[in-house]
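Colleague: My structure is below; once you've seen it, I'll send some questions.
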Amino acid sequence: MVDWKVHTYASLPSTQDYVKELVEEGLEEGIVVQCLEQRSGRGRHGNTWFSPMGNLYMSILLRPKCDVKQAGQMSFVAAVALSAAMDEVVDTKQHTKTLKWPNDILIDGKKVSGILIEKEADGYALGMGVNIMNPPDQGVGLSQVSWEIQVAIHPFRDKVLEKLSYYYDLWQDKGFAEIRELWLSQAHGLGERIKARLAKGEKSGVFEGLSLEGALLLKQDDGEILDINAGEVYFS
Ligand code: BTN
């Protein structure tokens, strides 16, 4: 079981950049860097991550025992853990939570959190941003969809770490199978037509599921199944 050591700062450029430096310096697994606002928060594909006060921003130093090819499975581990933590605060009778490949969480179709995993030297920085009180215009915050009057950031952070401990150990001890099943049971758009924007162009087809390793399986109109490991996926 990982022993989390949480360091909280008022403001940082990016928790992700901070943790990448700690990985490089050889620090141990389990360091968590959280801040109340980020001045240069980063998302995937070089996007900016909206990071005012009122939301959760944290990056976690991990050194999983797996080869680089399997490390992408960590984003499913993180999504399943975040989703389980959200189950304890989201009013799921009124709102629908789904997991969008590869690692976004949506509530009523709007993004509530994002995950960014980056390799540095021989370790990883797992970054999580969760909208709580101050979502961007196109997103949703947990406080808007909770039965609690206001979701408190630090208790929610601790719930996420508790769930991450459980699912990270499950993955490290038993492999990807159970994580894959849990993710698929909450998947957004499974069995529907999607468009995948890949480096080599756009592909469309039906979202058939996940491979045993975590690639998205796209059934094209000619019946051929394509394994997609990277790219932006649109549901149409
Ligand atoms: C995405 O594009 O969906 C991923 C967003 C990841 C944002 C988090 S917030 C904490 C950590 N620090 C950053 O600069 N980015 C990640």
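Bear in mind these aren't lab numbers, they're just calculated from the coordinates by the rules spelled out. For clarity, every value in this text was computed on a predicted model and none was experimentally measured. Using ideal geometry, Cβ is built from the backbone for each residue, glycine included, and neighbour counts are taken over all protein chains shown.
Colleague: Using 1/(1 + (r/R0)^6) with R0 = 22 angstrom and r between the beta carbons of SER185 and ASP158, what's the FRET efficiency to the nearest 0.05? Mind showing how you got there, number by number?
Modeller: Numbers: r = 25 Å, r/R0 = 1.14.
For SER185 and ASP158, the calculated efficiency is 0.30.
Colleague: Oh, and also: Within 10 Å of each candidate Cβ there may be at most 12 other Cβ atoms; applying that plus a DSSP loop requirement, which trypsin sites (Lys or Arg not before Pro) in the range 100-208 survive?
Modeller: On the way: sites: LYS100, LYS110, LYS111, LYS119, ARG157, LYS159, LYS163, LYS174, ARG180, ARG193, LYS195, ARG197, LYS200, LYS203; in loops: LYS200.
Of the trypsin sites (Lys or Arg not before Pro), the ones in loops of the range 100-208 whose Cβ has at most 12 other Cβ atoms within 10 Å are LYS200.
Colleague: Follow-up question, since we're still on this one. Once you wrap a convex hull around the alpha carbon atoms of the chain, what is its projected area averaged over all directions, in nm²?
Modeller: Values: hull surface 50.1 nm².
Dividing the Cα hull surface by four gives the mean projection, 12.5 nm².
Colleague: In what sequence do SER146, SER51, SER165 fall when counting other Cβ within 10 Å, fewest first?
Modeller: Working: SER146 19, SER51 25, SER165 16.
By the 10 Å Cβ count, ascending: SER165, SER146, SER51.
Colleague: Magnitude of the Cβ-charge dipole of the range 193-235, K/R +1 and D/E -1, about the Cα centre, nearest 20 debye?
Modeller: Using only the charged Cβ atoms, the result is roughly 180 debye.
Colleague: While we're looking at this one, here's another question. If neighbour count is taken as other Cβ atoms inside 10 Å, put SER113, SER11 in order from fewest to most. Present the calculation step by step, with values, prior to reporting the outcome.
Modeller: Numbers: SER113 27, SER11 11.
Ordered by Cβ neighbours within 10 Å, fewest first: SER11, SER113.
Colleague: Same structure again: What net charge is computed for the residues neighbouring GLU21, neighbours being all others with C-beta under 13 Å from the C-beta of GLU21, Lys and Arg scored +1, Asp and Glu -1?
Modeller: On the way: positive: LYS20; negative: ASP17, GLU24, GLU25, GLU118, GLU120.
Net charge around GLU21: -4.
Colleague: Give me the dipole magnitude in Debye, nearest 20, for the chain about the Cα centre, with unit charges on the beta carbon: positive for Lys and Arg, negative for Asp and Glu. Display every interim value, and only then the final one.
Modeller: Working: 25 positive and 34 negative charges, 101 e Å.
Once rounded to the nearest 20, the dipole reads 480 debye.
Colleague: Also: Taking a cut-off of 30 Å between Cα atoms, list the lysines near LYS5, but don't count ones fewer than 8 places away on the same chain.
Modeller: Hits, sequence-local ones excluded: LYS20, LYS65, LYS69, LYS97, LYS100, LYS111, LYS119, LYS159, LYS163, LYS174.
Colleague: Continuing with the same structure: Is it possible to state the helix-based mean residue ellipticity at 222 nm for the chain, with each DSSP H run of 4+ residues giving -39500 (n - 2.57), the sum divided by total residues, to the nearest 500 deg cm²/dmol? What is it? Walk me through the numbers on the way to the answer.
Modeller: Details: 5 runs with 59 residues, N = 236.
Theoretical 222 nm ellipticity from helices: -7500 deg cm²/dmol.
Colleague: Can I ask one more? GNM on the chain, C-alpha springs below 10 Å: top fluctuator among GLU162, GLU202, GLU213?
Modeller: GLU202
Colleague: List the pair-distance distribution P(r) of the range 164-235, using every Cα-Cα distance, as the percent of pairs falling in each 10 Å bin from 0 up to the bin containing the longest distance, rounded to whole percents.
Modeller: Percent of pairs per bin, in order: 19, 46, 25, 9, 0.
Colleague: Next up: Packing-wise, with mean Cβ within 10 Å as the measure, how do 59-67, 85-93, 125-133, 21-29 rank, highest first? Walk me through the intermediate numbers first.
Modeller: Details: 59-67: 18.0, 85-93: 16.3, 125-133: 24.0, 21-29: 14.2.
Listed from highest to lowest mean packing, they are 125-133, 59-67, 85-93, 21-29.
Colleague: Under 16 Å between alpha carbons, and skipping anything fewer than 8 positions from LYS195 in its own chain: which aspartates and glutamates qualify?
Modeller: GLU208, ASP221, ASP222, GLU224, ASP227, GLU232
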